[in-house]
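J.: This is the structure I have questions about; it appears just below.
The values are calculated or read from the model by the stated rules, or taken from the named source; none is laboratory data. The shown structure was predicted, so the numbers you read here are calculated from the model rather than taken from an experiment. Glycine also receives a Cβ, built like all others from the backbone with ideal geometry; neighbour counts cover every protein chain displayed.
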Amino acid sequence: MAQYYTLPTAVGEAKLANAIALGGTITISELALGDGGGTLPTPDSDRTALINEVRRAQINTSVVDEDNPNWIVVEQVLPPDVGGWTIREVGLYDADGDMIAYGNYPETYKPQLSEGSGRTQTIRFVMQVSDTAAVTLKVDPTVVLATRSYVDDSIRAHAESRNHPEATTTAIGFVELATGTEAKARADKKRALTPDTGGQMLAAHEQAETAHDAGQIALAEALANFTDAETVQAVLALIQRAALLPTATTEQAQALSSDDVVLTPASLAAIFSGPGQTLGPKGCQPLPGGLYLQWSEVTVTGQVRTQNIGDASLIIYDESAYVTWSMKYPNACVLATGSFGDIGEGIIENMTCRGSQTGASVRANGLASRPAGTSYSISGTIYALGH
């Protein structure tokens, strides 16, 4: 006879026989572990309790063995924080608290974390019955641990099932593919179109010999003017033969605000000529979008003078002038800058400009190449941009 085995207790045999006879069930709920009082016990069907119980807890899983249909395999997982004893006996208890099966167990020491070593251990109890349908298992998922194999099996079963969420525009999930007929019907918004199916639909569209109805095109209202045209080529011919939109007037072209007129070369040229346009040494040029470019010649005159800076004596020129724009900016002058002509008045030259709606102040200064007391005249051009 085998050294390690399990057998139903007398109470367990009686309860199982009664359940089979009356069509009832026995509910297995707990698995108890013991150390056998220090020695390996011999299973006895008259036993009603373990010799020395060290732990009793809910069972984790229970399955019917695949190769032995009369075997019920019960498992309990021991977490790392329990132990400090040697397992030599096991007992299976029902919901009434009666031990219905008992067995001895290969001596296994279960350490706990406080001893410096801890591990998760699975205890497996096999009970042979004549009718597994008469036995049910009570498992509380809130207090039991799952074995690695149980988790792996559960994940594998889920991955191989079709119980997954549907994909959306914001979440990952399953999506079903549409056939060409379903895509043409445009009734299902959850099916996806593959490149192959889309390519087949496009090929069929390109090879079609009949013209589209106006109602099939999203721009049906816009094509109402072409009700006599049966093909795209006929629509293009109508566009070429008739001016469907009026030509923009000079005022409309300069305003750049209408969307129901077209530009001609003449009206396009009118954009760059407007009421405030003047050309010459002092002028104004309107630009698209409401900007105005203005410019003006400026002459700064004065006398060269000496300026002492510390122990150094410099011969400088430094005078200002003011220019008025051809047109006052309606809102603001956003940029004013300038440049000298070929003057030869100084060896270091500088021009600064400060623009306003009506004009700009100009300052010309630098180191002079003429002796102090002589007169000078510096000319340049000021440019401004505003709106």
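J.: Tell me which residues, restricted to the range 362-387, are within 30 Å of Gly290 (Cβ to Cβ) and in a loop (DSSP other than H, G, I, E, B).
T.: His387
J.: What pairs come out if I take residues in the range 331-348 that are closer than 27 Å to Leu367 by Cα and pair them with residues that are of a type in the set (Phe, Trp, Tyr) and modelled with pLDDT under 85 whose C-beta lies under 9 Å away, six or more apart or interchain?
T.: Matching pairs, first to second residue: Ile343/Tyr376; Glu345/Tyr317; Glu345/Tyr376; Gly346/Tyr317; Gly346/Tyr376.
J.: So, one more: If a residue counts only when it is modelled with pLDDT under 85, which strands (runs of 3 or more DSSP E) contained entirely in the range 78-156 have at least 1 such residues?
T.: It comes to 121-128, 135-137.
J.: Considering only the range 303-334, state which residues are more than 27 Å from Leu385 (Cβ to Cβ) and buried (at least 17 other Cβ atoms within 10 Å of the Cβ).
T.: Of everything in the range 303-334, those that are more than 27 Å from Leu385 (Cβ to Cβ) and buried (at least 17 other Cβ atoms within 10 Å of the Cβ) turn out to be Val304, Ile315, Tyr317.
Results for (1) more than 53 Å from the chain's Cα centre (by Cα); (2) crowded, with 20+ Cβ neighbours inside 10 Å, shown as yes or no for each residue.
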position: Ile51; (1), (2): yes, no
position: Asp65; (1), (2): no, no
position: Pro69; (1), (2): no, no
position: Val74; (1), (2): no, yes
position: Val77; (1), (2): no, no
position: Pro80; (1), (2): no, no
position: Gly83; (1), (2): no, yes
position: Gly97; (1), (2): yes, no
position: Ile100; (1), (2): yes, yes
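J.: Spot the failing condition for Arg354; the list is (1) surrounded by 15 or more Cβ atoms within 10 Å (Cβ to Cβ); (2) assigned to a strand (DSSP E or B), and only one is missed.
T.: For Arg354, the failing item is (1).
J.: Which residues, taken from the range 279-309, are within 17 Å of Gly341 (Cα to Cα) and in a strand (DSSP E or B)?
T.: Trp295, Ser296, Glu297, Val298, Thr299, Val300, Thr301, Gly302
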